[in-house]
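The values are calculated or read from the model by the stated rules, or taken from the named source; none is laboratory data. Note that the coordinates shown come from a computational prediction; the quantities given were computed from them, not determined experimentally. Here the Cβ is made from the backbone with ideal geometry for all residues, glycine too, and neighbour counts use every protein chain on show. Quick note on the areas: whole protein, heavy atoms, side chains included, nothing else; ligands and nucleic acids left out. Shrake-Rupley method; radii C 1.70, N 1.55, O 1.52, S 1.80 Å.
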Amino acid sequence: DTFRPKANISREEFSVIMTRVLGLGALNVTVTEYPFPDVTPSTAADWSIKATKIAYDLGIIKGFEDGTFRGNENVTRQQVCVILCKVAGIYNLGLPVEFGDEVSDWARTYVEAVVQNGFVSLEDGNKFRATEDMTREEADNLPDGDNLMERLPSLEMVEAYPYTWSTKRATINVC
């Protein structure tokens, strides 16, 4: 097993990373309702199904307009920004950000927020490469779990554990 830093990272792999960063990766979750028709026992691995279900229930991820998740597709840099904002409670500070390349309208506020808050920097010529796939190396350079945990406004921590995270869809208790 090698790291392969230049390889892309899939949507399901990134979901697993985010649930592990939150300390939810080891939960013994039994999934009986599947949020996406393409994330079921016949279409995805067990490790992917659990992480995707947890991330969906917490509102961290959502699927495409056709209702699918497309976990085997590569995650784009702008999709990662949306997820980071949801996980770490990153807000757009309203500061001007000039991009030298295209950022999709649906992701612009999230990409701006991640840049404004210093989670990522623009490259030469103010380029972000929002629609390009994220590599493993780029994902590895994102803030680690400790940095994200410090930024979680909706996480009620009692000593480090147990904690409860509640959203409109689910409440997860970690003991």
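Observations on the model:
- Over all pairs of different C-alpha atoms in the stretch 12-116, the reciprocal of the mean inverse distance, the Kirkwood hydrodynamic radius, equals 14.7 Å.
- Calculated on alpha-carbon atoms, Rg and Dmax of the stretch 1-47 in Å: 12.6, 36
- In this structure the amide hydrogen of Lys127, modeled in the peptide plane, comes within under 5 Å of the amide hydrogens of Gly100, none closer than 5 places in sequence on its chain.
- Sequence of Lys86, Lys6 when ordered by accessible area, the most exposed leading, probe 1.4 angstrom: Lys6, Lys86
- Charge tally in the Cβ shell below 11 Å around Thr131, where Lys, Arg are +1 and Asp, Glu are -1, Thr131 excluded: -2
- For the stretch 1-45 versus the stretch 101-146, the spacing of their alpha-carbon centroids is 21 Å.
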